[in-house]
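Report on one structure; see the data block that follows.
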Amino acid sequence: MHRFFIHTFTVISIVLMTLCLPAAAKNANDSFKPGEIWLDEAGTPINAHGGGILFHEGRYYWFGEHKIEGKEGNFAHVGVHCYSSEDLYRWKDEGIALKVSKNPKSDIAKGGILERPKVVYCAKTKKFVMWFHLEIGQNYSTARSAVAVADTVTGPYRFIESKRINAGFWPMNVHGRFKEPLRADETEYLKKIQMRGGPVEGYPLDMIYRRDFFDGQMARDMTVFVDDDGTAYHIYSSEENGTLHIARLTDDYLNHSGDWVRVFPGKFNEAPAIFKKNGKYFMFASGCTGWSPNAARLAVADSIMGEWTELGNPCRGTEEEKNFTFHSQSTFVIPVVGKPDTFIFMADRWNPENAIDGRYVWLPVLFDENGIPYLEWRDEWKY
Ligand code: DGJ
């Protein structure tokens, strides 16, 4: 009788182990496979697009846009999803850190546009601060910046406000007549130009920020970067996407300080992602072609507020890989903690027809003999 039980137990154990093994093996990520479906620890595809990473007390936290199926998934129906990991390969679902609101009058009402959330930790206030690009409604016209705050890293985050930013402050890197509100003839000129978020003929290089001086600057694709001295900067596509701005945040990271600069006027950069190595600031960005990929751009500066210098396309490989950035668009650069000079280029392969199936393209940031970063395709890799 006793032997019968032992035998039955062994058989059941073997059957159970065989059934469970494939699932366990499937979820045991220990490498990056750019562009492939990436499962979290529970076996569900990770849903955190246009995201960024915060390292806090020994763990990485990945915040990104939660997308739903179909074209409707291009709008915010759920909120900002958070995952955590100790090695960047295996991710635990931490749930929705910031929920969209059921109140249609809220700035973050369900069904609007909420993109590229980035979370930073403010050591001074001991708060976690989330910035994101917000459009009220379903078209890209309001170009607002929004902020939410939490006491614990995974949230819940409390939405504070959304607005146009740096109203009443002139950029620090313009002078003389470039610090004057628009004249009547310039206002008339601007009315005639149909801006579509990408390059247009006659794009006015020095008018849009002056038009927006009183009501605040536009901000769409964005990131937040915290420097070694704890100062935080908001980097965003402004002026109808034609010009990047870099703006210093206040010490509590909840507002704009009024110090800001214009970078590459008229070059139409979006998807900015910044990192710092050996005292130099590097910025990956893309051109403005909606959800379709284009050639990446790279720039360098000795000071975050500039001067910035363009370094061209950082991608190496086939023409296709270079022209379309491995079919992806930058969102963040992850410094790997404890591994000096190790950085990960984090990008999105968007799928606007079925937004939830957008993929993640993470590649190593490589450096040439002059210390200039470049990117190359990998089917599978580890840091
Ligand atoms: C490209 C941006 O990088 C995305 O975040 C999103 O705004 C799409 N454009 C919308 O077309």
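The condition (being away from the ligand (no atom under 16 Å from the Cβ) and touching a Gly at 6+ places or on another chain (Cβ under 6 Å)) is satisfied by just one residue among Trp377, Trp350, Trp362, Trp308: Trp377. Among the residues of the range 255-270, those identified as within 16 Å of the ligand (Cβ to nearest atom) and crowded, with 21+ Cβ neighbours inside 10 Å are Phe268, Asn269, Glu270. Specify the residue that is nearest to the ligand (Cβ to nearest atom); the eligible residues are those in the range 330-347 that are buried (at least 23 other Cβ atoms within 10 Å of the Cβ) and under 17 Å from Glu376 (Cβ atoms). Per the criteria, the residue is Ser330. Taking the range 110-133 as the range and being within 14 Å of the ligand (Cβ to nearest atom) and either open to solvent by 70 Å² or more (accessible area, probe 1.4 Å) or over 17 Å from Pro272 (Cβ atoms) (or both) as the test, the residues that pass are Gly112, Ile113, Leu114.
Selection of the range 368-383 for residues being open to solvent by less than 60 Å² (accessible area, probe 1.4 Å) and without any contact (Cβ under 8 Å) to a residue 40 or more places away in the chain yields only Asp368. Kindly indicate whether any position in the range 289-302 is within 16 Å of the ligand (Cβ to nearest atom) and closer than 24 Å to Leu54 by Cβ. For the range 289-302, residues within 16 Å of the ligand (Cβ to nearest atom) and closer than 24 Å to Leu54 by Cβ: present.
Residue selection: Val226 satisfies the criterion of being under 27 Å from Ser162 (Cα atoms), modelled with pLDDT of 95 or more and either small (Gly, Ala, Ser) or within 19 Å of the chain's Cα centre (by Cα) (or both).
Can you tell me which residues in the range 234-254 are surrounded by fewer than 22 Cβ atoms within 10 Å (Cβ to Cβ) and touching a residue at least 12 places away in the same chain (Cβ under 8 Å)? Spell out how you get there, then give the answer.
Narrowing the range 234-254 to residues surrounded by fewer than 22 Cβ atoms within 10 Å (Cβ to Cβ): 248, 250-252, 254.
Correct list: Arg248, Asp251, Asp252, Leu254.
Selection of first residues in the range 153-178 that are assigned to a loop (DSSP other than H, G, I, E, B) and of second residues that are among the hydroxyl-bearing types (Ser, Thr, Tyr) and open to solvent by less than 70 Å² (accessible area, probe 1.4 Å), restricted to Cβ pairs under 6 Å at least 6 apart or on distinct chains, gives the following pairs, ordered by first then second residue: Val153/Tyr61. The lone criterion from (1) within 16 Å of the ligand (Cβ to nearest atom); (2) surrounded by fewer than 24 Cβ atoms within 10 Å (Cβ to Cβ); (3) in contact (Cβ under 8 Å) with a residue 60 or more places away in the chain left unmet by Ala273 is number (2).
The values are calculated or read from the model by the stated rules, or taken from the named source; none is laboratory data. Model, not experiment: these values are computed from the prediction. So basically every Cβ, Gly included, is an ideal-geometry build from the backbone, and we count neighbours across all protein chains shown. Accessible surface is based on the protein model in full, side chains and every heavy atom, while ligands, DNA and RNA are left aside. Shrake-Rupley method; radii C 1.70, N 1.55, O 1.52, S 1.80 Å.
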